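Peer 1: Okay, handing you the structure first.
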Amino acid sequence: MATLQKIRDKGTLLVIVIGIALLAFVLGDLLTSGTTLFGRAQDRAFVVNGEVISTKEYADKITEFEEFQKMVSGQTSLDENTSAQIREAVYQQMVRQRLLNNQTKKLGLDVTKEEINDLVHGESISPVLQQLPFFVDPQTGIFSRNALIDFINTINMPSPGPQEQAMVDQYKSLWLFIEDMIRTQRLEEKYISLLSNSVITNDLEAKTTFDLSQKNADIEYAMQSYFTMPDSAVTVTDKEIKAFYDKHKKSFRMEAPLVKISYFTKEVLPSSEDFAEVEAESRTAFNELAATTNPATVVADYSQSPYRDAFVSEYMLTPDQIEFVRSAAINEMYGPSREGNSFQIIKLIDKKVAPDSVHLRMMSIPDASMVGMDSVVTNFVDSIYGQLQAGASFAAVSNSLNPNSNGGDVGWAREIDLVSFGSEMINAAFNAPVGQPVKLTVPGQQLIIQVEERTRPVNKFKLALIDMPVLASEKTSNNIDNELNQFVATSDVGDNFNVLAAEKGYMVLPNITVSANDFTLNQIPGTRQVITWAANEKKTGSVRKFDLTNLRVIARVDQVIPSGTTPLSEVSSNIRMQLTNDKKAEKMIADLEAKNLTSIEAYATAMNTFSDTVRFVNFNTQNITGLGFEPVLNAVSAFAPLNTVVGPLKGNMGVFVTRVANRSEGAESYDAEAQKNSMLNENAYRLQMQSVEVLKEKLGVEDNRYRFF
């Protein structure tokens, strides 16, 4: 009881202590997880209509597309340009998909499992499937339903073995990716169809559009280009530029920030010491190659290219090599000679007169993968070989084994093309009788080949070639890096970047403007890192060195312009040019009208130019030969009176004076239904392009990729 009373007496104090302990526990938990919570809030690769797409989600989708591209192309790796295109395509697709889902959900549009099944197995196969190379017949180049069925059967393979399981898993992953493409394409098709059908084409519009498309005109014209009048002839005020900017602000919208960078580059090139070191080593290589009876070993020790145990014709040699081999004796040597940034040594191993190339057919049978099956494979090969010796057609037998083998035809091959098969293959290909099948065994497979024909004999040479490139040594690279590091560390380098660089002999490219999402700086491979740094650098004037493979880039951040509406300062020069041309047009037209001229020739003289003629122009012509997009001439082609001088008229490139010399009617007959369908398709295409931009503006897209990638 005494203890209980003590607790009661201290009750208020205990509540306070427990409260503090709980608060400390909660705060501690928040503090330990605070970084994670903050990180999640900041992890916004982009945002579409309020939906946050994380960097992981974006990166995972890029990986999916890259793996898909590798399978489509048969490549094991992708170059920098392809990766950049995929990255942008993934972004556009993910944005488009979310904007589309927002609209289709409101409209009640969906793609059911039954529709997917019909697009895969029905009469109207999805366009996505028809375009994928997996499902295209290599002989015809068109979609093959059998290839699609084989692919799906592989996915549904019952109880695959360990070796097949990896392939099945890969195909399943690929199929899920393809199914998503089919669903998205079909959903977008429904949405665009709904939009395009909401734009009605009436009978009068259809007939008028058709009639205008049939009126083809030959137009004589003279044009006075805006470039012929100096800009000083007219005045464009800052107030006029501001008024134009305010009126057209929507057209100056940008999704990502603009970055202004000044930079110079320094190549990491080998020094004179590097050249001297490789030259000395090349003399050692020369002596070893001269003394050896096994050139392959010496070539492997010193050259960046392996020894090729094959004869080549003169057509594959450089001029210096040709000059050497034509007069050289067997085992004679040439070099070491400096060829650009490498040293070369040549030894003539042998020479002969023989055909340069052979036309081959070939069948390949893999060796047995299971112990004890060797005899089965051997008997199978012997059986095929026996059929060929008995007179069976090589092409027919090959196609019976593999319908996609093209009769076993591998085309023309030179000795160097067959090196990987070994010397026995080369000897058979260039010495076996034409039309006679030959059996060969090479590592991993057994071959049956047949020579169809050979080219005429030419001079051929077997060479041992040592190519020793001169690369910048670590010492050379360090000297360059030390020099540039000292430059970057200069106290006032940010304020005096251009001056200090000029003093060191570096050529600065000043104030280069790029989008924060551009993949390269002036097409220099590997410079995405420069743009990412500059776009995220908070301090203007910061300078940094970037190490590329054989190049160093030293860059300064001049300015970062946030996304949104482009500032007037960035577009004023383009606006000024447009307004200047508008005023030039007014002045040119007024000056020409004051002359009261009556012929194209007179106008051409006054314009200090010549007349010309464009033919077959109608109201719908998008690109006029030699002139480009000039709507004023489209209007003239349809409505101007024949043989009457019209103008002067304001155009895009200059001021025009025109005359319709001839107008002819097309021979097509009017089909109201076909014309309406054609116009409906045009509307659908336009809406497909424009709807995404409208939805971006209405729903909102925030692109932050430059902060992470």
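Peer 1: Would you check which residues across the stretch 587-599 are part of a helix (DSSP H, G or I) and either touching a Leu at 6+ places or on another chain (Cβ under 7 Å) or exposed (fewer than 13 other Cβ atoms within 10 Å of the Cβ) (or both) and list them? Please lay out each step first, then the result.
Peer 2: Keep residues of the stretch 587-599 that are part of a helix (DSSP H, G or I), which gives 587-593.
The answer is Ala590, Glu593.
Peer 1: With respect to Ser303, is the statement that it is in contact with a strand residue (DSSP E or B) (Cβ under 6 Å, 6 or more places away or on another chain) and either under 30 Å from Ser272 (Cα atoms) or not assigned by TED's automatic domain parsing to the domain that holds Arg414 (or both) true?
Peer 2: yes
Peer 1: Among the residues of the stretch 212-228, is any of a type in the set (Lys, Arg) and crowded, with 16+ Cβ neighbours inside 10 Å?
Peer 2: At the first step, the residues of the stretch 212-228 found to be of a type in the set (Lys, Arg) are 215.
The next check asks that each one be crowded, with 16+ Cβ neighbours inside 10 Å; those that pass are 215.
Yes; the residues of the stretch 212-228 include at least one that is of a type in the set (Lys, Arg) and crowded, with 16+ Cβ neighbours inside 10 Å.
Peer 1: Then there is this: With the condition being within 40 Å of the chain's Cα centre (by Cα) and at pLDDT 85 or above, I'd like the strands (runs of 3 or more DSSP E) fully within the stretch 346-447 carrying at least 3 qualifying residues.
Peer 2: It comes to 357-366, 409-414.
Peer 1: Take residues that are of a type in the set (Phe, Trp, Tyr) and either surrounded by 18 or more Cβ atoms within 10 Å (Cβ to Cβ) or assigned by TED's automatic domain parsing to the domain that holds Arg98 (or both) and tell me which of the helices (runs of 4 or more DSSP H) falling wholly in the stretch 600-709 contain 1 or more.
Peer 2: 600-607
Peer 1: If you take the residues of the stretch 568-584 that are out of contact with any Leu (no Cβ under 9 Å at 6 or more places or on another chain) and not polar (S, T, N, Q), which of them is surrounded by the most Cβ atoms within 10 Å (Cβ to Cβ)?
Peer 2: Looking at the filtered set, the residue picked out is Lys584.
Peer 1: If you take the residues in the stretch 304-338 that are in a loop (DSSP other than H, G, I, E, B), without any contact (Cβ under 8 Å) to a residue 24 or more places away in the chain and within 42 Å of the chain's Cα centre (by Cα), which one is nearest to Met468 (Cα to Cα)?
Peer 2: Among residues in the stretch 304-338 that are in a loop (DSSP other than H, G, I, E, B), without any contact (Cβ under 8 Å) to a residue 24 or more places away in the chain and within 42 Å of the chain's Cα centre (by Cα), the one nearest to Met468 (Cα to Cα) is Pro306.
Peer 1: So is Asn623 of a type outside the set (Val, Ile, Thr), closer than 26 Å to Met229 by Cα and within 36 Å of the chain's Cα centre (by Cα) or not?
Peer 2: yes
Peer 1: Scanning for something surrounded by fewer than 17 Cβ atoms within 10 Å (Cβ to Cβ), part of a helix (DSSP H, G or I) and either out of contact with any Ser or Thr (no Cβ under 6 Å at 6 or more places or on another chain) or modelled with pLDDT of 95 or more (or both), does the stretch 514-529 turn up at least one residue?
Peer 2: Checking the stretch 514-529: at least one residue is surrounded by fewer than 17 Cβ atoms within 10 Å (Cβ to Cβ), part of a helix (DSSP H, G or I) and either out of contact with any Ser or Thr (no Cβ under 6 Å at 6 or more places or on another chain) or modelled with pLDDT of 95 or more (or both).
Peer 1: To continue, here is another question. Restricting the search to the stretch 441-461, which residues are in contact with a strand residue (DSSP E or B) (Cβ under 8 Å, 6 or more places away or on another chain) and surrounded by fewer than 20 Cβ atoms within 10 Å (Cβ to Cβ)?
Peer 2: Selection gives Thr441, Gly444, Gln445, Leu447, Glu452, Glu453, Arg454, Thr455, Arg456, Pro457, Val458, Asn459.
Peer 1: Take the residues in the stretch 108-141 that are of a type in the set (D, E, K, R) and in a helix (DSSP H, G or I); name whichever of them is surrounded by the most Cβ atoms within 10 Å (Cβ to Cβ).
Peer 2: So the residue we want is Glu115.
Peer 1: Inspect the stretch 330-343 for any residue being among the aromatic types (Phe, Trp, Tyr), surrounded by 14 or more Cβ atoms within 10 Å (Cβ to Cβ) and under 26 Å from Thr284 (Cβ atoms) and give the result as yes or no. Please lay out each step first, then the result.
Peer 2: Of the stretch 330-343, the ones among the aromatic types (Phe, Trp, Tyr) are 334, 343.
Filter once more, so that each one left must be surrounded by 14 or more Cβ atoms within 10 Å (Cβ to Cβ): 334, 343.
Narrowing the set further to residues that are under 26 Å from Thr284 (Cβ atoms) leaves 334, 343.
Within the stretch 330-343 (the criterion being among the aromatic types (Phe, Trp, Tyr), surrounded by 14 or more Cβ atoms within 10 Å (Cβ to Cβ) and under 26 Å from Thr284 (Cβ atoms)), the answer is yes, since at least one residue qualifies.
Peer 1: Counting just the residues of the stretch 51-84 that are among the polar types (S, T, N, Q) and loosely packed, with under 15 Cβ neighbours inside 10 Å, which one comes out nearest to Val128 (Cα to Cα)? First the steps, then the outcome.
Peer 2: So the first thing to find is which residues in the stretch 51-84 are among the polar types (S, T, N, Q), and the list is 54-55, 63, 69, 73, 75-77, 81-83.
Adding the requirement that they be loosely packed, with under 15 Cβ neighbours inside 10 Å leaves 54, 63, 73, 75-77, 81.
Numbers: Ser54: 28, Thr63: 20, Ser73: 16, Gln75: 21, Thr76: 23, Ser77: 24, Asn81: 24 Å.
Among them, the one singled out is Ser73.
One line per residue, one yes/no per condition, for (1) touching a residue at least 60 places away in the same chain (Cβ under 8 Å); (2) under 23 Å from Asn536 (Cβ atoms); (3) of a type in the set (S, T, N, Q):
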position	(1), (2), (3)
Ser477	yes, no, yes
Ile480	yes, no, no
Leu484	yes, yes, no
Phe487	yes, yes, no
Asp492	no, no, no
Val499	no, no, no
Gly505	no, no, no
Asn511	yes, yes, yes
Ala516	yes, yes, no
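Peer 1: Looking at the stretch 220-264, which of its residues are assigned to a loop (DSSP other than H, G, I, E, B), in contact (Cβ under 8 Å) with a residue 60 or more places away in the chain and among the hydroxyl-bearing types (Ser, Thr, Tyr)?
Peer 2: Thr235 - this is the single residue of the stretch 220-264 that is assigned to a loop (DSSP other than H, G, I, E, B), in contact (Cβ under 8 Å) with a residue 60 or more places away in the chain and among the hydroxyl-bearing types (Ser, Thr, Tyr).
Peer 1: Look through the stretch 235-259, keep the residues that are among the hydrophobic types (A, V, I, L, M, F, W, C) and touching an Asp or Glu at 6+ places or on another chain (Cβ under 8 Å), and return whichever of them is nearest to Asp612 (Cα to Cα).
Peer 2: Of everything passing the filter in the stretch 235-259, Leu258 is nearest to Asp612 (Cα to Cα).
Peer 1: How many residues does the stretch 456-475 hold that are more than 39 Å from the chain's Cα centre (by Cα) and of a type in the set (Ser, Thr, Tyr)?
Peer 2: The number of residues fulfilling the criteria is 0.
Peer 1: Let me ask something else. Which pairs do you get when a residue that is under 16 Å from Met254 (Cα atoms), found in the stretch 568-589, comes within reach of a residue that is assigned to a helix (DSSP H, G or I) and not aliphatic (A, V, I, L, M), reach meaning Cβ atoms under 6 angstrom, with the pair 6+ apart or on two chains?
Peer 2: Every condition considered, the pairs that remain are Leu568/Tyr245; Val571/Phe252.
Peer 1: Moving to a separate point now. Hey, any hits in the stretch 109-123 for a residue that's under 25 Å from the mean Cα position of the chain (by Cα) and more than 30 Å from Lys676 (Cα to Cα)?
Peer 2: Step one: of the stretch 109-123, the residues under 25 Å from the mean Cα position of the chain (by Cα) are none.
Looking for residues that are under 25 Å from the mean Cα position of the chain (by Cα) and more than 30 Å from Lys676 (Cα to Cα), one finds none in the stretch 109-123, hence no.
Peer 1: For the stretch 182-201, give me the residue count where each residue is modelled with pLDDT of 85 or more and exposed (fewer than 14 other Cβ atoms within 10 Å of the Cβ). Write out each step before concluding.
Peer 2: Restricting attention to the stretch 182-201, the residues satisfying the condition of being modelled with pLDDT of 85 or more are 182-191.
Those still in the list that are exposed (fewer than 14 other Cβ atoms within 10 Å of the Cβ) too: none.
The number of residues fulfilling the criteria is 0.
Peer 1: Looking at the stretch 191-208, which of its residues are within 38 Å of the chain's Cα centre (by Cα) and in contact (Cβ under 8 Å) with a residue 40 or more places away in the chain? Walk me through how you get there before you give the answer.
Peer 2: To start, the set of residues in the stretch 191-208 that are within 38 Å of the chain's Cα centre (by Cα) comprises 191-199.
If the condition is that a residue be within 38 Å of the chain's Cα centre (by Cα) and in contact (Cβ under 8 Å) with a residue 40 or more places away in the chain, then Tyr191, Ile192, Ser193, Leu194, Leu195, Ser196, Asn197, Val199 are the ones that fit.
Peer 1: Step by step: first the residues of the stretch 134-160, then only those that are over 17 Å from Ser173 (Cα atoms) and touching a residue at least 24 places away in the same chain (Cβ under 8 Å), then the one that is farthest from the chain's Cα centre (by Cα). Which residue is that?
Peer 2: Top of the filtered list is Gln139.
Peer 1: Among the residues of the stretch 283-293, are any assigned by TED's automatic domain parsing to the domain that holds Lys347, of a type in the set (Gly, Ala, Ser) and surrounded by fewer than 15 Cβ atoms within 10 Å (Cβ to Cβ)? If you could, list the steps in order and put the result at the bottom.
Peer 2: The initial filter retains those residues of the stretch 283-293 that are assigned by TED's automatic domain parsing to the domain that holds Lys347, namely 283-293.
Of the ones still in play, those that are also of a type in the set (Gly, Ala, Ser) are 285, 290-291.
When the remaining residues are screened for being surrounded by fewer than 15 Cβ atoms within 10 Å (Cβ to Cβ), the result is 290-291.
Yes, the stretch 283-293 has at least one match.
The values are calculated or read from the model by the stated rules, or taken from the named source; none is laboratory data. Everything quoted here is computed from the prediction, not taken from an experiment. Heads up, the Cβs are rebuilt from the backbone with ideal geometry, glycines too, and the neighbour counts pull from every protein chain shown.
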